[in-house]
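Report on the structure given below.
The values are calculated or read from the model by the stated rules, or taken from the named source; none is laboratory data. Please read all numbers here as calculations on a predicted model, not as lab measurements. Counting neighbours? That spans all protein chains shown, and the Cβs are built from the backbone with ideal geometry, glycine included.
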Amino acid sequence: MNLQPVFDLVQLCHLKGIQHAVISPGSRNAALTIAFARHPEIKCYSVPDERSAAFIALGISLKSQLPTVLICTSGSAALNYAPAVAEAFFNQVPLLILSADRPPEWIGQRDGQTIFQENLFGRHVKAAYVFPSLENNESARQAGHTMINEAINTSLSEDKGPVHINIPFREPFYPETGTLYGSQESLPVIPPTSNQSLNWKEGIDSICHYTKILIVVGQSAKSEEISAALSLLSIKYHLTVIADVISNGHDVAGVISSQDIFLKNLGNESLQPDLLITIGLSVISKNLKIFLRTHKPKAHWHVRNESISPDTYLALSQHIKADALPFLHELPKYLRASANQRDFQAAWQAVNTKTKAHIKNYTSQSFSDFNGYKRVLLALPDGSDLHLANSMAVRYANTIGLAPNKDIEVYCNRGTSGIDGSNSTAIGTALMSDRPTYLLTGDMAFLYDRNAFWHNHLPDHLHIVVFNNQGGGIFRMIDGPSQQPELKEYFETHQQRDAKWLAQEFDFEYTACANHEALEKALPGFMKPGKRNLLEIFTDAEESKQAYKELFRKLTD
């Protein structure tokens, strides 16, 4: 077997800008492991658990916006990538998955570690490839060069995402002693082609016909330029901008951020837009989605340079295939300030201001999850990264919001919105940045991903807050499961574990608290940079439920 194409593959990854690879140990993938580990310009991380490895790679790509290479052996190993691959697909995060495989004649013959690996991830990757033969075949080698270029370009084009290359290997897998592989020739680097529509500006002049314009910002990376453009539209042209916590739009002037609270049971038709403009990916706010599906706009423009446009609000009328920033810069050319637009914005901001004041002043009598999240979010330092686990962690953060005038970038796995991989994704982004990284998570999401720490690359600037109410508290909030006798055992999955021994095993400084006084005492030390640490906050699930529902009830009253 000729291993030169494998070393070519690695060099092409480098030439195309890839800087990181996450490798899980195995034998069939030995040539890939050796080729990447020996490349001086690619940083490699060895992570034994493939599910965790994939989410760590996801976090690395979230921060770098470049494809991270994932490498695993043949058989069931690659199946463990599936949750992170699906998250990457729907969250539009680039990944390059390289799975080693058995020769095709052994697939289905009950030989060890053989499964059907071709097109393993189905529609959850942008493209799937089978690498050409590794025999001494020059045409196959050149085809491999083309395939690597195409795969990386595809992962970065339009709606970014994961791509999969399955590579069958025959024995021997290891380079012979004394054999040197390298790129003695220049390898072809094929640049990506731009697929952005050249005529996306057509039709946006019709915006002058609308006087109740609402912009909803979905999940997005933090961008000072986009925030500045949205602030201009809000201040000068009185456009209403809604941005929940995962949009990273918390520093937009006049932004509406408490909509998930005040839109619950609200029938005020004065807030109904006639034009809805959406940018970014998904939104958290269920009540916003219900409101806009019930009070439909006359038109809905979705602005994103992607091939398929979602119809989240069941009112889509136009897909503007463009990046958000040039669209937002173009928009003022067609806008005119109007009294209707000012009144529409004022109506949204009035109820938002009232709600924010209510949230700021509200404190439950008991030591609840709400009080704990509120205090931790307020204490986050300037210049930090915030990861939010799914279920209640991201919902509490979206309800409470972030302290104003702080440089905080928010991350959350909202592509599929699963609890798996929250720890690992936070570790991945922390590996890419010197900024302190804070993960806010519940006990179920934290314990589910405990293998995230089972490797030798844990950063010291990782800080984790575990809210432990001994189960999946979100099910207590939902009317359906909360009314069933099976709630505690089968929905919440009541558990009596804590994070103390895990923290000790993986060398975290550990602090526990179960009341206001202990939390106030613990927070200053926890927030300081330095050694990685873990703060566990113990609350009662039923008391937290009552406190959260009281927040809504008092606002209505």
Can you find even one residue in the stretch 402-419 that is without any contact (Cβ under 8 Å) to a residue 60 or more places away in the chain, assigned to a helix (DSSP H, G or I) and not β-branched (Val, Ile, Thr)?
-> no
When both residues are 6+ apart or on different chains and their Cβ atoms are under 7 Å apart, which pairs have a first residue that lies in the stretch 62-77 and is over 11 Å from Asn29 (Cβ atoms) and free of Cβ contacts under 8 Å to residues at least 40 places away in the same chain, and a second that is surrounded by fewer than 24 Cβ atoms within 10 Å (Cβ to Cβ) and of a type in the set (A, V, I, L, M, F, W, C)?
-> Ser76/Ile115
For the stretch 1-25, how many residues are part of a helix (DSSP H, G or I) and either of a type in the set (A, V, I, L, M, F, W, C) or over 19 Å from Thr146 (Cβ atoms) (or both)?
-> 7
Total residues in the stretch 222-245, condition closer than 24 Å to Thr416 by Cα and surrounded by fewer than 24 Cβ atoms within 10 Å (Cβ to Cβ) = 2
Okay, strands (runs of 3 or more DSSP E) sitting entirely in the stretch 461-557 with 3 or more residues that are in contact (Cβ under 8 Å) with a residue 40 or more places away in the chain and either among the acidic types (Asp, Glu) or touching a helix residue (DSSP H, G or I) at 6+ places or on another chain (Cβ under 8 Å) (or both), I get 462-468, 533-538
On the given criteria, is Asp311 at negative phi, among the charged types (D, E, K, R) and part of a helix (DSSP H, G or I)?
-> no
Confirm whether Ala128 is in the same structural domain as Thr68 (by TED's automatic domain parsing), without any contact (Cβ under 8 Å) to a residue 12 or more places away in the chain and within 22 Å of Lys16 (Cβ to Cβ).
-> no
Applying the selection to the stretch 420-460, what residues are more than 18 Å from the chain's Cα centre (by Cα) and not in a loop (DSSP other than H, G, I, E, B)?
-> Asp443, Met444, Leu447, Arg450, Asn451, Phe453
Single residue of the stretch 245-288 satisfying the filter (among the hydroxyl-bearing types (Ser, Thr, Tyr) and in contact with a Gly (Cβ under 9 Å, 6 or more places away or on another chain)) that is farthest from Thr353 (Cα to Cα) = Ser282
Could you list all residues from the stretch 103-117 that are in contact with a helix residue (DSSP H, G or I) (Cβ under 8 Å, 6 or more places away or on another chain) and not polar (S, T, N, Q)?
-> Gly112, Ile115
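Yes or no, residue by residue, for (1) in contact with a strand residue (DSSP E or B) (Cβ under 6 Å, 6 or more places away or on another chain); (2) buried (at least 20 other Cβ atoms within 10 Å of the Cβ); (3) within 19 Å of Tyr210 (Cα to Cα); (4) hydrophobic (A, V, I, L, M, F, W, C):
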{"residue": "Ser258", "(1), (2), (3), (4)": "no, yes, no, no"}
{"residue": "Asn268", "(1), (2), (3), (4)": "no, no, no, no"}
{"residue": "Ile284", "(1), (2), (3), (4)": "no, yes, no, yes"}
{"residue": "Asn287", "(1), (2), (3), (4)": "no, no, no, no"}
{"residue": "Ile290", "(1), (2), (3), (4)": "no, no, no, yes"}
{"residue": "Arg304", "(1), (2), (3), (4)": "no, yes, no, no"}
What tally of residues in the stretch 242-276 results from selecting those that are under 22 Å from the mean Cα position of the chain (by Cα) and under 23 Å from His319 (Cα atoms)?
-> 7
Only one of (1) under 30 Å from Asn413 (Cα atoms); (2) without any contact (Cβ under 8 Å) to a residue 24 or more places away in the chain; (3) acidic (Asp, Glu) does not apply to Glu176, and that is (1)
Residue that is nearest to the chain's Cα centre (by Cα), among those in the stretch 284-308 that are of a type in the set (Lys, Arg) and part of a loop (DSSP other than H, G, I, E, B) | Arg304
Scan the stretch 367-400 for residues that are crowded, with 16+ Cβ neighbours inside 10 Å and either of a type in the set (Phe, Trp, Tyr) or more than 17 Å from Val465 (Cα to Cα) (or both) and report the count.
-> 5
Among the numbered conditions (1) farther than 15 Å from Leu388 by Cβ; (2) modelled with pLDDT under 95; (3) not β-branched (Val, Ile, Thr), tell me where Gly418 comes up short.
-> (1)
So, first residue not assigned by TED's automatic domain parsing to the domain that holds Tyr448 in the stretch 421-433, second residue at pLDDT 95 or above, Cβ within less than 6 Å, six or more apart or across chains; the pairs are none
